[in-house]
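One structure is given here, and the rest of the page talks about it.
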Amino acid sequence: MKCFVLMLGLIPWLLVNGWAAAATNELQTLTIQSTNGGSFDMAHFRTIYHGPVIVDDPRMHMTSDWLAADLPHDKVTDSHVVAATNVVMRFLDDKGQTNHATSDLAVYNMHVEGGVTNETVTLTGHARMWSDKVIIAGEPLIWDLVKQELTSTNWQTTFTHDMLNSIAGTNSASHKTNNVPRIPGL
């Protein structure tokens, strides 16, 4: 197994709030392992990993069958990362809660223009994100890391039983039933 260890300085902001380690001045380590090798194009600052590929970061773990990253260099601050085939992510949110995402393709883009940073992760192909309370599916799922917003043109949300109970939130004594609680107004 070939293992490539890159300091976050080479791939800054690659995994912010799930995809990135904290955007701080702290030196953090991002480890990318690929079982079938990889390559680095020094002229274009592009690295390609042939998988299975495992990405480990203090706040995120991701696996895929292939990964390519255009790294920032010289005066170019933009980053572009593509993870393809069997993409599986496990990441911590700002509250330290574990979340998950899966898709066939995940594309991370970070662009800085006029001092404004735009960062998105676009999940396509059976795209789903979930926590212990909610499952979100859509094609594509677009995650704006700066605004912390998730959007999709084809949106489906599934709430777990615990989430439905907290939304219904009555003060009445609970009773045993197999029925899904009714949410007022729906």
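The values are calculated or read from the model by the stated rules, or taken from the named source; none is laboratory data. Note that the coordinates shown come from a computational prediction; the quantities given were computed from them, not determined experimentally. Because the Cβ atoms are built from the backbone with ideal geometry, glycine has one as well, and the counts that use them run over all protein chains shown.
Observations on the structure shown:
- Of the residues in the stretch 117-125, not one is under 15 Å from Val55 (Cα atoms), in a strand (DSSP E or B) and at pLDDT below 90.
- Identification of strands (runs of 3 or more DSSP E) wholly contained in the stretch 1-112 with 1 or more residues that are of a type in the set (Phe, Trp, Tyr), modelled with pLDDT of 90 or more and out of contact with any Lys or Arg (no Cβ under 9 Å at 6 or more places or on another chain) yields 60-70.
- Annotation: of all residues in the stretch 45-83 being among the small types (Gly, Ala, Ser) and out of contact with any Gly (no Cβ under 9 Å at 6 or more places or on another chain), the one that is surrounded by the fewest Cβ atoms within 10 Å (Cβ to Cβ) is Ala68.
- Residue in the stretch 99-113 that is among the small types (Gly, Ala, Ser) and surrounded by fewer than 16 Cβ atoms within 10 Å (Cβ to Cβ) present: no
- Contact map, the stretch 108-136: residues that are under 18 Å from Asn86 (Cα atoms) paired with residues that are assigned to a loop (DSSP other than H, G, I, E, B) and not hydrophobic (A, V, I, L, M, F, W, C), Cβ distance under 7 Å, separation 6+ or inter-chain. Pairs shown: Thr122/Pro140; Leu123/Pro140; Thr124/Glu139; Thr124/Pro140; Ala127/Glu139; Ala127/Pro140.
- First in the stretch 141-165 and under 20 Å from Val87 (Cβ atoms), second anywhere and in a loop (DSSP other than H, G, I, E, B) and at pLDDT 90 or above, Cβ under 6 Å, 6 or more apart: Leu141/Ala127; Leu141/Ser152; Asn154/Glu139
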